[in-house]
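The values are calculated or read from the model by the stated rules, or taken from the named source; none is laboratory data. The shown structure was predicted, so the numbers you read here are calculated from the model rather than taken from an experiment. Counting neighbours? That spans all protein chains shown, and the Cβs are built from the backbone with ideal geometry, glycine included. Only protein heavy atoms, including side chains, enter the accessible area calculation; ligands, DNA and RNA are left aside. Shrake-Rupley method; radii C 1.70, N 1.55, O 1.52, S 1.80 Å.
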Amino acid sequence: MRIQKNRGTYLPYKKEPMASLPLLRPDHIRQVILPIFSEYGVQCRLLLEKDSPVSQGQLLAEPLDEKGTPVYSSVSGILTDTYEAEHPLLGKTTYAIIECMTMDEPELDAPLDTEDLTAEELVAIAREYGIIDEIDGLPLANKLEGMVDLYPTCIVADAIEDQLYSCSAWATLREDYTQVLKGLRLAARAIHAAEYKIAVALTRVHETELKKEIPPEHLQTFEPDFYPHKELDDLGLAPFSIGVQACRALYRAASYKEPQTEGILTIAGPAASLPINMRVPFGTSLRVALEVCGVSDPSSEVLLGDSMTGLLLDSIDIPIVPGMTCIVGTDAVKTHASSPCLNCGRCAKVCHKHLLPYEIARRFENNQYSGIDAFHPSACDGCNACSYICPAKRNVSELVLEASTVAGVILFDWGPHHDE
Amino acid sequence: MIGGLIMTNERRAPFVHHMARPVSLSLDAFIALVPLFLFSTVFFGSRPLLLAFLNMATAVLCEAFACLLLKRKPQIKDGTSLITALLITGMLSPTAPFWLGMVATTFAILLVKMAFGGTGRNLFNPAAAGIAFITQCFPGLIFQYPESGFEVTNALLFQNVSVSPSPASSLQTGGTSSYLWYEFLLGQVPGSIATTAILVLCASMIFLFVRKSASPAITLSFLATCALIAIAFPRVEGTWYNSVLLELCSGYLIFGAIFLLNDPVTTPNHWLARLFFGIFAGILVMVFRHIGRFEEGLCFAVLLMNTLSTILDRQCWKLLHNPKRRKEEMA
Ligand code: SF4
Ligand code: SF4
């Protein structure tokens, strides 16, 4: 059953052909660069010496804290070097360079029985095998532990992907529906939730495909092309949502003792001549992955994340790490000349937080900081729907976000605020 | 060398935009105005088009001149000044001298629009202000409508125009109007260029409603208020629907309800604020008609309401959305 939507707007549908093509697994990766990093504030200790051979799935570094996440090698090869570099997302980090020798699909043993695993054991598995939730880049074990205390009744695998291009969650599902569902069931057991659901927003064709595989009681469908999908917030399920790749990884860790060493990401956009979903070992250089998809024009620019909320990358020589699920290559990003606000009110119409973006922006630009508080700019979650819809091409969301940092600051006193 | 994710870039998401441009707002109004002008050429020949063209040229020149003074790139592309010129033309008499519309347009663009900072920053509706200006300055010229059957040529000035009282003026003087209902619908009454053909106006209105460029909350609440007041305080003898028909179909009422009250810049955005905006504007118009000096006070009502629009907008938003948020914050 599809659910009533919140406020928002419709985006053009650009998920084809990626959503219909099979998953690609590039086989000529020469080198991976793995950040030896566990979690914010928790460093890792490298277990191997330089020039020692490593095999895929071998423990590379263990955390110095028992709550940290270990790092596993994502390929078989030789650990040639390590170096330190500043990483704005991860902080100061050590990287390990592994020259890749072979790239074979690992042989899997018969699955172990997972029926008797207790909640604590499942959380321990998630921690031991280094599973990171791709939705927010946080360790799955910590997320599950946090959820238990809230006594959830339902856990959701969030495969909604409401933005323009990304369909990596759909690709993950499509590759093996049952593994995701089984993993989600394990996650539900880990937090003592009775129900578990996969949330998707797919076109009819894909939805029919999915319905054949997943029983309806475990499916929650939403309207496609709509942005942003905040229904999970409205249903109170947003704190209990995890990624589908994490579900799959949890299942594979529990049944095959396989650590999470690979991620699935969508590479698409106007500059990509072969847009596709691909499965790559963590640590693969983004440059290599982009070349596979035909993003080779030096003038094209690359966004980390999708077009609505992504970041423009300065350099594509960065390793792919958990949490990167969509890369958009665009032709040189056009900067639209913005004109003054027309007061058309469209930004207020699409804001799912019921804010008045144009009013906040106007006050912010006029330095009327003292009155901004009454318009709650801090409630904005940066979905950028207002900037998308604005006919004057104003970046309203940025102004709202900046306004939230100055709310309450008084630069000039404009007299009594009778209208607040 | 691994560069890392150093975000020095100024350009921020979103990297896609909706295809709407400022010009798309004017385009809808333009499309809605075209049939009105075509219809008036059937009655009055090419003079309305000539007036429109002259006013549009004036508007563009004025905007370019103002931008030159402000050392700014002209934003003529967005089409708002052209719409202003067309709206002013629509409210002129077909026999109005050419300079009258140009004076109104110059006033509207230079003093009402560009002096406040151009598109989007104007406080008052430029077209309404332009017409209000010439109504004040040349009251004798603006409400002079030719008798039906009078041959309108492209002459520079008309001598001895056989003037006939418009329905609005007969309402004001208290006489009865001799026009039949279908004459109103077909625009066969003395009146301005684009404001008489009620049927065409209704078609334009529906088009703008469908395109969401005009808001039913404003237009319909405004017309309903006017109709109610017409019933309560009739100015003509006869049945109540006679009074409603005469009040609604005379003067600029429907034209203004569609075009002047739905200018995005100077009207509120919240639906509740729009409702109040329409109601208050309706009350004001009827008050002006009853006690005002001129036969049509719509432009003055629009200008007065423009000053209230931001406050209405904000207060209605607070009324509806703040209690909820307060509760959320408490929880
Ligand atoms: S970015 Fe903020 S203000 Fe803009 S629509 Fe989203 S929540 Fe509303
Ligand atoms: S959408 Fe843009 S032009 Fe319209 S009110 Fe919002 S900021 Fe102003």
Next on the checklist: Exactly one condition in (1) in the same structural domain as A:Ser168 (by TED's automatic domain parsing); (2) touching a strand residue (DSSP E or B) at 6+ places or on another chain (Cβ under 8 Å) is false for A:Cys293; which is it?
Outcome noted: (1)
Checklist outcome for this item: Note: among B:Gln144, B:Gln136, B:Gln159, just one is at pLDDT 90 or above and either within 16 Å of ligand 2 (Cβ to nearest atom) or more than 14 Å from chain A (Cβ to nearest Cβ) (or both), namely B:Gln136
Checklist entry - Does the range A:271-293 contain at least one residue that is in contact with a Phe, Trp or Tyr (Cβ under 7 Å, 6 or more places away or on another chain) and either outside any helix (DSSP H, G or I) or away from ligand 2 (no atom under 16 Å from the Cβ) (or both)? => result no
Checklist entry - Just to be sure, is A:Ile33 modelled with pLDDT of 85 or more and in a strand (DSSP E or B)? => result yes
Checklist entry - Does the range B:265-281 contain any residue that is small (Gly, Ala, Ser) and within 14 Å of another protein chain (Cβ to nearest Cβ)? => result yes
Checklist entry - What helices (runs of 4 or more DSSP H) lie completely within the range B:194-297 and have 1 or more residues being more than 28 Å from B:Gly79 (Cα to Cα) and open to solvent by 20 Å² or more (accessible area, probe 1.4 Å)? => result B:216-232, B:240-249, B:271-291
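Residue-wise test of (1) more than 30 Å from A:Thr405 (Cβ to Cβ); (2) within 16 Å of ligand 1 (Cβ to nearest atom); (3) more than 11 Å from chain B (Cβ to nearest Cβ); (4) open to solvent by 20 Å² or more (accessible area, probe 1.4 Å).
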position: A:Gly283; (1), (2), (3), (4): yes, no, no, no
position: A:Val288; (1), (2), (3), (4): yes, no, yes, yes
position: A:Ser307; (1), (2), (3), (4): no, yes, no, no
position: A:Leu313; (1), (2), (3), (4): no, no, no, no
position: A:Ile320; (1), (2), (3), (4): yes, no, yes, no
position: A:Ala337; (1), (2), (3), (4): no, no, no, yes
position: A:Gly345; (1), (2), (3), (4): no, yes, no, no
position: A:Leu355; (1), (2), (3), (4): no, yes, no, no
Next on the checklist: Scan the range B:88-101 and tell me whether some residue there is modelled with pLDDT under 85 and over 30 Å from A:Ile320 (Cβ atoms).
Outcome noted: no
Item to check | Pick from the range A:360-387, criterion open to solvent by less than 10 Å² (accessible area, probe 1.4 Å) and within 16 Å of ligand 2 (Cβ to nearest atom), ranking: nearest to the chain's Cα centre (by Cα) | outcome: A:Ala385
Item to check | the range B:14-30: number of residues that are touching a residue at least 60 places away in the same chain (Cβ under 8 Å) and within 7 Å of chain A (Cβ to nearest Cβ) | outcome: 2
Next on the checklist: Residues that are assigned to a helix (DSSP H, G or I), out of contact with any Asp or Glu (no Cβ under 9 Å at 6 or more places or on another chain) and among the polar types (S, T, N, Q): does the range B:102-113 have at least one?
Outcome noted: yes
Next on the checklist: Pull out all pairs, ordered by first then second residue, where Cβ-Cβ is under 8 Å, the residues are six or more apart or on different chains, the first lies in the range B:111-123 and is within 11 Å of chain A (Cβ to nearest Cβ), and the second is among the acidic types (Asp, Glu) and open to solvent by 10 Å² or more (accessible area, probe 1.4 Å).
Outcome noted: B:Thr119/B:Asp78
Checklist outcome for this item: If we keep only residues of the range A:363-406 that are within 9 Å of chain B (Cβ to nearest Cβ) and more than 12 Å from ligand 1 (Cβ to nearest atom), then the residue farthest from B:Gly118 (Cα to Cα) is A:Ala374
Checklist entry - Taking the condition β-branched (Val, Ile, Thr) and under 26 Å from A:Lys15 (Cα atoms), does A:Ile316 pass? => result yes
Checklist entry - Would it be correct to say that B:Ser46 is open to solvent by less than 50 Å² (accessible area, probe 1.4 Å), more than 13 Å from chain A (Cβ to nearest Cβ) and either within 16 Å of ligand 1 (Cβ to nearest atom) or modelled with pLDDT of 85 or more (or both)? => result no
Next on the checklist: Every residue in the range A:260-281 that is more than 19 Å from the chain's Cα centre (by Cα) and surrounded by 21 or more Cβ atoms within 10 Å (Cβ to Cβ), please.
Outcome noted: A:Ala271, A:Ala272
Checklist entry - In the range B:260-275, is there at least one residue being at pLDDT below 95, in contact with a Cys (Cβ under 7 Å, 6 or more places away or on another chain) and over 27 Å from B:Gly130 (Cβ atoms)? => result yes
Item to check | Residue among B:Phe150, B:Phe116 that alone is under 23 Å from B:Glu183 (Cβ atoms) and either among the β-branched types (Val, Ile, Thr) or at pLDDT below 95 (or both) | outcome: B:Phe150
